[in-house]
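One structure below.
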Protein chains: 2
Amino acid sequence: MKIELQCPMPQLDFEVITLGHGSGGILTNKLLESGVFKLLSNDLLDEKHDGAVFNASGKMAFSTDSYVISPIFFPGGNIGELAVNGTVNDLSMCGAIPAYLSLSFIIEEGLSMKDFWQILVSIKFACERAGVQIVTGDTKVVEKGKGDKIFINTSGIGTVHPKAEIHIKRLEVGDKIIVSGNIATHGMAIMSVREGLEFESTILSDTCPLNHTIKSLLDEFGTDIHLLRDPTRGGVATVLNEIARDSKTGINIHQKAIPVIEEVASACELLGLDPLYVANEGVFLAIVKADIADSFLHSLKKLDFGKDAAIIGEVVAEHQGQVILTSKIGGKRVVNMLVGEQLPRIC
Amino acid sequence: MKIELQCPMPQLDFEVITLGHGSGGILTNKLLESGVFKLLSNDLLDEKHDGAVFNASGKMAFSTDSYVISPIFFPGGNIGELAVNGTVNDLSMCGAIPAYLSLSFIIEEGLSMKDFWQILVSIKFACERAGVQIVTGDTKVVEKGKGDKIFINTSGIGTVHPKAEIHIKRLEVGDKIIVSGNIATHGMAIMSVREGLEFESTILSDTCPLNHTIKSLLDEFGTDIHLLRDPTRGGVATVLNEIARDSKTGINIHQKAIPVIEEVASACELLGLDPLYVANEGVFLAIVKADIADSFLHSLKKLDFGKDAAIIGEVVAEHQGQVILTSKIGGKRVVNMLVGEQLPRIC
């Protein structure tokens, strides 16, 4: 998507970010005034105060994430849209409708203005796609060699959907575990770039905003959705382990049911990785009441980013705190949390 | 303050932070469960979801800042308490009562667990002092040489004080400009460590939470307080320039009235720096209605961190968008925004 063509880079005095752009002084002001504020403009941001002020009522969700992904431009996206989608999705997992994001940059001296602008434009379009606004921000610059191009923190606020009652304590034996799409795609997209792997077609990151999909599901299924989680770092295996541990239930999953696109599966095999541990960005896990599972799946399959959804397991009374996988050939094994670090700086 | 003695470091398997601690897997979990969650424990954080959920109503403020200060331990504080106080103060400048903070780390591989723990303990005590809670967080680790020990982002939420009506548009000709304390202290504390300067007594950073002081002033003076800003990066000169520009008023300040402690003034002279451009962390500027200025000052002087407060200038109809300083010997000069970068990574 050559969306940056719609937002041509403004005339700037510098070709790269310098320490002065993080001074808080005239260069910081010039950078912001030359195009950043205009690009991301909305009533709250335009106030340019130390924070944004808005009206709120009811149950709110608040989430934060720092993004340190390398490379900053990757197949299927870049760190800018990832930072928007990631926090939008974290809020969605709380059953919230994301509304406002903060945006904070830590830039390594020397980042090209062109790269910075491209990231900003991606942020703008990701915000529009998700229906959220950047309302407050911060820009810091560190010396060459004290950072790595750009790190981005986004924090976000949203109102919890009136029908949402998402909580680990709501898990019941018999609940079904649904994954919203093909797993391990984001991790393998990054890994294949880093390792210089080539496949018939490029594996693209699945980064996307899940909030509209989640909202539709909450509208329809409300409190029958017991838990939502996005299996980012550590993958599906780690998140299911956290859920089993914190809910004190057992979890069974079925390898045959877990959707993985063929190229991703091959790449994982080549590199000796288990897709269950590979990071996702545009996938969520929903744990729902057993008797709505089929209609939940039916609805999800018709929604954005849900066409490959599948029921992959269930909550059981046995083996509390453990995740047990039934393999394709029928064997059973314990699935633990990710040990060590498989793919550093995946998000 | 040897506050870390009250919170002894838990037994950890590692002496330094490794990439695995940012994996989202078992090491991340171990690190958090071994002491971090317990240290910062509160009802919202203890939920350990992707975000925190709480009830809100009315006008809210939302702010963010990433802290990249170097060195991470400095005379008078460390990056942990700075990150809490800084965001608490940004919210206070919006007229808000800070309530909830997010906490996000970007750690360079190899940071000692001891340093990390000391920073965490400082965060805990800074939160208690300010009366805020860490409710959600994130931990990322980057390779050695791709960061610098630790960067911290805090974002914060608070409810706007019912009597607050802080807005750049409220500035009126005749309004008085009050500074809450001695300026340039934080910047010179950092600078003196970096330059290896020695003075009779060590210059300490002024980092502190201003929220209780601001709340008392809002209780007493309400809408007669027109604007609040904290002159951090770029110092008093830069913030006053932003105010003059955005309000389309003129600003006069009087050098004789600006409080600077003697050692800081000497250090500035030695290094050829103007205290007006040096960063502050525990100081705010208040622009108030002229006829309450004296009683505002009187009250502020009795509050925490306000004893050295002074009226330093006024809003005028002339020279719109400009800040004019009357020097100690009576000359007048234009004070511009900070040009270039004086002290990189000051906050």
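Some notes on this structure:
- Subset of region B:139-162 that is in a loop (DSSP other than H, G, I, E, B), touching a helix residue (DSSP H, G or I) at 6+ places or on another chain (Cβ under 8 Å) and at negative phi - its residue that is surrounded by the most Cβ atoms within 10 Å (Cβ to Cβ): B:161
- Only one entry in B:270, B:240, B:228, B:276 is of a type in the set (A, V, I, L, M, F, W, C) and either outside any helix (DSSP H, G or I) or without any contact (Cβ under 8 Å) to a residue 60 or more places away in the chain (or both), namely B:228.
- Filter pass, residue B:325 being under 25 Å from residue B:341 (Cβ atoms), among the hydrophobic types (A, V, I, L, M, F, W, C) and part of a loop (DSSP other than H, G, I, E, B): no
- Among residues of region B:315-344 being at pLDDT 95 or above and buried (at least 19 other Cβ atoms within 10 Å of the Cβ), the one that is nearest to residue B:233 (Cα to Cα) is B:335.
Matching residues to (1) within 20 Å of residue A:306 (Cβ to Cβ); (2) in contact with a Ser or Thr (Cβ under 9 Å, 6 or more places away or on another chain):
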site: A:161; (1), (2): yes, no
site: A:172; (1), (2): no, yes
site: A:179; (1), (2): yes, no
site: A:194; (1), (2): no, yes
site: A:198; (1), (2): no, yes
site: A:209; (1), (2): yes, yes
site: A:221; (1), (2): yes, yes
site: A:224; (1), (2): yes, no
site: A:229; (1), (2): yes, no
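- Scanning region A:85-108 turns up no residue that is farther than 30 Å from residue A:190 by Cβ, buried (at least 24 other Cβ atoms within 10 Å of the Cβ) and within 7 Å of chain B (Cβ to nearest Cβ).
- Any hit, region A:301-309, residues being closer than 26 Å to residue A:205 by Cβ, within 14 Å of chain B (Cβ to nearest Cβ), surrounded by fewer than 18 Cβ atoms within 10 Å (Cβ to Cβ) and within 22 Å of the chain's Cα centre (by Cα): no
- Sole residue being at pLDDT 95 or above and surrounded by fewer than 23 Cβ atoms within 10 Å (Cβ to Cβ), chosen from A:200, A:195, A:165: A:165
- Residues in region A:226-242 that are surrounded by fewer than 22 Cβ atoms within 10 Å (Cβ to Cβ) and more than 9 Å from every other protein chain (Cβ to nearest Cβ): A:226 only.
- Taking the numbered list (1) more than 14 Å from chain B (Cβ to nearest Cβ); (2) crowded, with 20+ Cβ neighbours inside 10 Å in turn, residue A:118 passes all entries but (2).
- Residue match in region A:108-125 (condition: farther than 18 Å from residue A:17 by Cα and assigned to a strand (DSSP E or B)): no
- Matching residues in region B:263-287 - criterion: being charged (D, E, K, R) and farther than 26 Å from residue B:209 by Cβ: B:269, B:274
- Hits in region A:124-144 (condition: of a type in the set (A, V, I, L, M, F, W, C) and within 14 Å of chain B (Cβ to nearest Cβ)): A:132, A:134, A:135, A:141, A:142
- Residue match in region B:181-195 (condition: of a type outside the set (Asp, Glu), in a loop (DSSP other than H, G, I, E, B), on the phi < 0 side of the Ramachandran plot and not assigned by TED's automatic domain parsing to the domain that holds residue B:256): no
- Condition check for residue B:50: modelled with pLDDT under 90 and away from chain A (no Cβ under 12 Å): no
- Residue B:29 vs. criteria touching a Ser or Thr at 6+ places or on another chain (Cβ under 9 Å) and either surrounded by fewer than 22 Cβ atoms within 10 Å (Cβ to Cβ) or at pLDDT below 95 (or both): yes
- Scanning region A:76-106 for residues that are touching a Lys or Arg at 6+ places or on another chain (Cβ under 7 Å) and either in a helix (DSSP H, G or I) or in contact (Cβ under 8 Å) with a residue 60 or more places away in the chain (or both) yields A:93, A:97.
- Subset tally (residues that are surrounded by 19 or more Cβ atoms within 10 Å (Cβ to Cβ) and either part of a strand (DSSP E or B) or within 14 Å of chain B (Cβ to nearest Cβ) (or both)) for region A:253-265: 1
The values are calculated or read from the model by the stated rules, or taken from the named source; none is laboratory data. Keep in mind that this is a model prediction, so the values were computed, not measured. Virtual Cβ from ideal backbone geometry, glycine too; neighbours counted across all protein chains shown.
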